[in-house]
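Working notes, structure below.
The values are calculated or read from the model by the stated rules, or taken from the named source; none is laboratory data. Keep in mind it's a predicted model, so treat the numbers as computed, not measured. Every residue, glycine as well, gets a Cβ built from its backbone with ideal geometry; the counts of neighbours run over all protein chains shown.
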Amino acid sequence: MELSLDDVRRIAQLARIAITDAEAAATRDQLGNIFDLIEQMNAVDTTGIEPMSHAQDLTLRLRADEVTQTDERERFLALAPETERGLYLVPQVIE
Amino acid sequence: MSPRAELHELDLTELSALLAARQVSSEELAQALLARIATQNGDLNAFITLDPDATLAQARAADARIGRGEGGVLTGIPVAHKDIFCASGWRTTCGSRMLEEFTAPYDATVVEHFNDAGAVFLGKTNMDEFAMGSSNESSWFGPVRNPWDRNAVPGGSSGGSAAAVAARLCPAATGTDTGGSIRQPAALTGICGLKPTYGLVSRYGMIAFASSLDQAGPLARSAADLAVLLDTMVGFDPRDSTSLERPVEHYGRALDRPLEGMRLGLPREYFAEGLDADVARAVDEALVTLRGLGCETVEVSLPNTRLSIPVYYVLAPAEASSNLARYDGARYGYRAQEPRDLADLYSRTRAEGFGAEVRRRILVGTYVLSHGYYDAYYLKAQQIRRLIARDFDAAFSTCDLILGPTSPSVAFDLGERSADPVQMYLSDIYTIAVNLAGLPGMSIPAGFGAKGRPVGLQVIGNYFDEARMLNLAHRFQQATDWHRRAPASGA
Amino acid sequence: MPWQIVIGLETHAQLSTRSKMFSGSSTAFGAEPNRQASAVDIALPGVLPVANRGAVERAIRFGLAVGGSIRRRSVFARKNYFYPDLPKGYQISQYELPIIEGGALLIPAADGERSIPLTRAHLEEDAGKSLHEDFQGATGIDLNRAGTPLLEIVTEPALTSAEEAVSYARALHALLRWIDVCDGNMQEGSFRCDANVSVRRNASDPLGTRCEIKNLNSFRFLEQAIRHEARRQIELIEDGGRVRQETRLYDPDRDETRPMRSKEDAHDYRYFPDPDLLPLEVTPDWVESVRAQMPELPAAMRSRLAGELGLAAYDAAILTGSRELARYFEAIASRLPGNAKLAANWVMGEILGRLNREGLEIGACPVDAARLAGLLARVADGTVSGKTAKEVLDALWSGTETADEVIQARGLTQISDSGELEVIIDGILAQNPAQVAEFRGGKQKVFGFFVGAAMKATRGKGNPAQVNALLRRKLGADA
């Protein structure tokens, strides 16, 4: 399958992965090969087949509405690259 | 078993007996294995994180427990964990630069189960980055080498665990299997590995690759050892919505049952073009042995086998692209230096923190889910997934277990397939369908092929039929000694 | 030329559960940042979601209240996008198969009621909070709210004015509180609306291109934002421009909307069923057990109040404005058989008026139903006049006595002894012969003069009905 460089850049942007022009070209070729493999699926007629999302045909188990978590803020914040006053910090967001 | 045998030469069942008889302490055992790791691991690169103090402290606690007469079969047994399981206080990297400095603040349910059983945490094993790979070459911490041949890959993604067990660095290890990641490295390193029925082992604390396919399981030297490990790993977990509530099983209960009359299905498609002759020969010999033990073989068909690879390379990357979105440099893990703005933080953190194979799969997954392509790829793949599951249903109406090769070839050379992703993907042709259907699958040693590299025999069971699979494997191992063969130690 | 405005509302109602949608963290408002953000909420590697039965049950309750169909099988999907307040990089939300489909909400209209059709209502989790102001060049992220359960309620594009949109939002707000699904606290963000607004020249034209205005968290902003946005679109088209489909933010300080930058490339959410969550099943048995516990709904209560108690439709609508008010009224009315209208008048007039002046909710009313009923019983049996009763209410409002205690202590019992009244009235007539003559000569207005004089003479305690009757008899006005 032919992917364009624009396709590659678009999905890299959607996936938030920086990609150089050289990488984009190489990626396009590799993805092209992978999609050639994937498109073997086209040979199968799947009309009326129920999609299978899970390995089991079961339904969801629900939990009781109870508070079971305790405050672990300091342990979790200690994992973060940058925090201040109990908040995770990221570069300024413009809404 | 000779008491003079070196501790590392003994398997789990043997060590368990020694510990219970107080002929060896858990601390001595842990020390012996840590010493062996110190001399052997530099070359193999099977372990990526060790913490001897923590290990020995746990060993001493196990000795005290045995002393109180409260030990179980795993108490004091050193176990290595694939670095995909979060373990409180342990660095947990998933083989990625993204988590190179990440110390997990909690225990995975699997780790909890081993701790509760009194097992000793020996260390974290190397793996393909985020479990994406079949050769262990995609790890940020460098490739693992195959103990049978240092030029060969050990398989992946649980390559570190498999190599550690094969090289007698530990009697048992945990792994995870999304498309063959326990069975294929077990085959390529000449050991035993079992992927249980999806939902039997909790996924809580196991870093997700493809959630609907991921399942943890044990790697060890014998079927009997696997049964013991499985007893500990399996169990309902309310923290995992896909965990199954089932009565507690004892997986070793049927190990010794005679195999007379057991019907083994041989999928026509698994013995066709693409299977290397040396592997075919070893598998055929194993089948001769099994017939000698009273099994009948029947041909079955799994017609959609070849589609399992395209289906898998849609579904697994799709789920992964979403599962790996949390690695954004904000709350934990790698963060790119001096980001210009938020967009730069995200895109450089993810470009620098993920390796090439992970980035490639994220892009494939993003594409197949993106607007306008969902039906053609994702939905279609889910439909064919159902057809693949139905193939197994049909096959199991005429046989008890399905047998075949685990991998179409013996271990390939390092670097041989890493340049061509598609070639690499094809090495999972016999294992992937089992994950898509959610069935249990196992690989056990069945001899050697080209260059003296091991061959694995795959056993596929119907849902929840692990005890029968282990029965077959155990009887086979009583009739053969492939599982007792050890590679020569390194320098 | 009249333009037609078409509005669809998407309302995010925070469900009143104790714990989050997929984790056991508390949902209580006001904790210090990140103290209610568990491993699941901050999306540590390896964690998994487990769905909250309480949230599902509230969704069922809502579905029953609006007459929607409750899907036996619904599916949680992942909506993928990157944003710092979205820790997993995806939001778990029902997409193709929502738990509730259809249904309608009745809203008051000029000619009675209008039914606003609903498209769907689905379960999802909230995001965290971004704090932009406090840090130089940085944004702080608080994940306490991340994972809070929401019910997103979507209307058809069926609303035709800003006023109607507000009227719908108010009715929805009241209903959600009525059925204990959402606390409705708008300051805390428990009830937020997104408005999809488009305009067209004629009602028969196809729908115009819409803009979505996000996060309107007060009825006033909702109204202003829709007004402004409709005007902007009309001016744009009249100037020869075209409306671009986009997400906009309303700025109440400037009374204008502007495009949201963070949503610029968010058109491709790559939805797919969440592999961590199996399909949600709601069995008919479950629905029936929830139905059995449903309170009487406001619409049913309105018609009962109008039918059984004979209240005006308008009064019934006011009194069912909230479940607390309706309960208050019913508690009073049940103590005053046959005097429902008296109860309605007092609750709507005196009580709501006083609460309004003091900025109180009905739940904080200083006079409970029993004490008010006690007072109204004395009005009904003629012990006190309406005017005196207001005086008594003043005392009840600021004190803790019962009405009888106040009436007793202050000697406010009205004079209903006809003998005593007759003596007083005879005296008045005797002292005012000129006015008596005027009245008898046909000047009816003078009647009021006699009433006033009688009330003055009894210092307001004369029973007005008896005073009237006696005067008429004595003046020969009955004949």
So residue C:443 fits all but one of (1) at pLDDT 85 or above; (2) within 30 Å of residue C:373 (Cβ to Cβ); (3) in a loop (DSSP other than H, G, I, E, B); what number is the exception?
-> (2)
Can you give me the number of residues within region B:313-326 that are within 8 Å of chain C (Cβ to nearest Cβ), over 21 Å from the mean Cα position of the chain (by Cα) and in contact (Cβ under 8 Å) with a residue 12 or more places away in the chain?
-> 3
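Scan C:82, C:76, C:62 and give me the residue that is within 11 Å of chain B (Cβ to nearest Cβ) and either touching a Lys or Arg at 6+ places or on another chain (Cβ under 6 Å) or under 21 Å from residue C:290 (Cα atoms) (or both). Talk me through it step by step, then tell me what you get.
On the way: C:76 fails: either touching a Lys or Arg at 6+ places or on another chain (Cβ under 6 Å) or under 21 Å from residue C:290 (Cα atoms) (or both); C:62 fails: within 11 Å of chain B (Cβ to nearest Cβ).
Criteria check complete, one pass: C:82.
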From the residues in region C:96-147 that are within 14 Å of chain A (Cβ to nearest Cβ) and of a type in the set (Lys, Arg), which one is surrounded by the most Cβ atoms within 10 Å (Cβ to Cβ)?
-> C:145
Going by the conditions given, is residue B:277 modelled with pLDDT under 95 and either surrounded by 22 or more Cβ atoms within 10 Å (Cβ to Cβ) or more than 23 Å from the chain's Cα centre (by Cα) (or both)?
-> no
Here is a list of conditions, (1) closer than 30 Å to residue B:323 by Cα; (2) not in a loop (DSSP other than H, G, I, E, B), and residue B:59 meets all of them except one; can you say which number that is?
-> (1)
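Could you tell me whether residue B:205 is in contact with a strand residue (DSSP E or B) (Cβ under 8 Å, 6 or more places away or on another chain), crowded, with 24+ Cβ neighbours inside 10 Å and within 12 Å of chain C (Cβ to nearest Cβ)?
Values: in contact with a strand residue (DSSP E or B) (Cβ under 8 Å, 6 or more places away or on another chain): yes; crowded, with 24+ Cβ neighbours inside 10 Å: yes; within 12 Å of chain C (Cβ to nearest Cβ): yes.
Yes, satisfied.
Looking only at region A:27-83, which residues are among the charged types (D, E, K, R) and within 18 Å of residue B:387 (Cβ to Cβ)? Steps first, please.
Let us first name the residues in region A:27-83 that are among the charged types (D, E, K, R), namely A:28-29, A:36, A:39, A:45, A:50, A:57, A:61, A:63, A:65-66, A:71-75, A:82.
Result: A:39, A:45, A:50, A:57.
Quick test for you: out of B:252, B:217, pick the one residue that is of a type outside the set (D, E, K, R) and surrounded by fewer than 24 Cβ atoms within 10 Å (Cβ to Cβ).
B:252
Per-residue answers, yes or no, for (1) in a helix (DSSP H, G or I); (2) closer than 18 Å to residue B:354 by Cβ; (3) small (Gly, Ala, Ser):
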site: A:13; (1), (2), (3): yes, yes, no
site: A:19; (1), (2), (3): no, yes, no
site: A:25; (1), (2), (3): yes, no, yes
site: A:35; (1), (2), (3): yes, no, no
site: A:49; (1), (2), (3): no, no, no
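What residue, among those in region A:11-35 that are of a type outside the set (A, V, I, L, M, F, W, C) and at the interface with another protein chain (Cβ under 8 Å from one of its Cβ atoms), is farthest from the chain's Cα centre (by Cα)? Walk me through it before giving the result.
Step one: filter region A:11-35 for residues of a type outside the set (A, V, I, L, M, F, W, C), giving A:13, A:16, A:20-21, A:23, A:27-30, A:32-33.
From what's left, at the interface with another protein chain (Cβ under 8 Å from one of its Cβ atoms): A:13, A:16, A:27, A:30, A:33.
On the way: A:13: 12, A:16: 10, A:27: 18, A:30: 19, A:33: 21 Å.
Checking each candidate, the answer is A:33.
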Return the total of residues in region A:48-62 being surrounded by 15 or more Cβ atoms within 10 Å (Cβ to Cβ) and facing chain B (nearest Cβ under 7 Å).
-> 9
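When region C:64-78 is examined, which residues are found to be in contact (Cβ under 8 Å) with a residue 40 or more places away in the chain and in a strand (DSSP E or B)? Step through it out loud before you land on a result.
Of region C:64-78, the ones in contact (Cβ under 8 Å) with a residue 40 or more places away in the chain are C:64-66, C:68, C:70-78.
Across region C:64-78, the qualifying residues are C:70, C:73, C:74, C:76, C:77, C:78.
Would you confirm, using the coordinates I've provided, whether residue B:269 is surrounded by fewer than 24 Cβ atoms within 10 Å (Cβ to Cβ), over 25 Å from residue B:11 (Cβ atoms), modelled with pLDDT of 95 or more and away from chain A (no Cβ under 14 Å)?
Details: surrounded by fewer than 24 Cβ atoms within 10 Å (Cβ to Cβ): yes; over 25 Å from residue B:11 (Cβ atoms): yes; modelled with pLDDT of 95 or more: yes; away from chain A (no Cβ under 14 Å): yes.
Taking the combined requirement at face value, the residue satisfies it.
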Scanning region A:67-95 for residues that are touching a helix residue (DSSP H, G or I) at 6+ places or on another chain (Cβ under 9 Å) and at the interface with chain C (Cβ under 7 Å from one of its Cβ atoms) gives A:86, A:87, A:88, A:90, A:91, A:92, A:93, A:94, A:95
Over region B:64-73, the set of residues of a type outside the set (Lys, Arg), surrounded by fewer than 16 Cβ atoms within 10 Å (Cβ to Cβ) and not in a helix (DSSP H, G or I) is B:69, B:70
Kindly indicate whether any position in region B:440-458 is within 14 Å of chain A (Cβ to nearest Cβ) and in contact with a Gly (Cβ under 6 Å, 6 or more places away or on another chain).
-> yes
Among what's in region C:267-290 and is in contact (Cβ under 8 Å) with a residue 24 or more places away in the chain and loosely packed, with under 15 Cβ neighbours inside 10 Å, pick the residue that is farthest from residue C:90 (Cα to Cα).
-> C:284
Assess whether residue C:16 counts as being buried (at least 24 other Cβ atoms within 10 Å of the Cβ), polar (S, T, N, Q) and assigned by TED's automatic domain parsing to the domain that holds residue C:230.
-> no
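Pick out the one residue from B:17, B:61 that is touching a residue at least 40 places away in the same chain (Cβ under 8 Å), more than 22 Å from the chain's Cα centre (by Cα) and surrounded by fewer than 22 Cβ atoms within 10 Å (Cβ to Cβ).
On the way: B:17 fails: touching a residue at least 40 places away in the same chain (Cβ under 8 Å).
From the options B:17, B:61, the qualifying one is B:61.
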In region C:215-266, which residues are within 14 Å of chain B (Cβ to nearest Cβ) and either loosely packed, with under 14 Cβ neighbours inside 10 Å or at pLDDT 90 or above (or both)?
-> C:261, C:264, C:265
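Would you mention how many residues in region B:34-52 are within 17 Å of residue B:487 (Cβ to Cβ), of a type outside the set (Val, Ile, Thr) and either free of Cβ contacts under 8 Å to residues at least 40 places away in the same chain or not in a strand (DSSP E or B) (or both)? Step through it out loud before you land on a result.
Going residue by residue through region B:34-52, those that are within 17 Å of residue B:487 (Cβ to Cβ) are B:36-37, B:39-47.
If we keep only those that are of a type outside the set (Val, Ile, Thr) too, we end up with B:36, B:40-47.
Still in the list and also either free of Cβ contacts under 8 Å to residues at least 40 places away in the same chain or not in a strand (DSSP E or B) (or both): B:36, B:40-46.
The total comes to 8.
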Yes or no: residue C:101 touching a residue at least 40 places away in the same chain (Cβ under 8 Å) and under 20 Å from residue C:151 (Cβ atoms)?
-> no
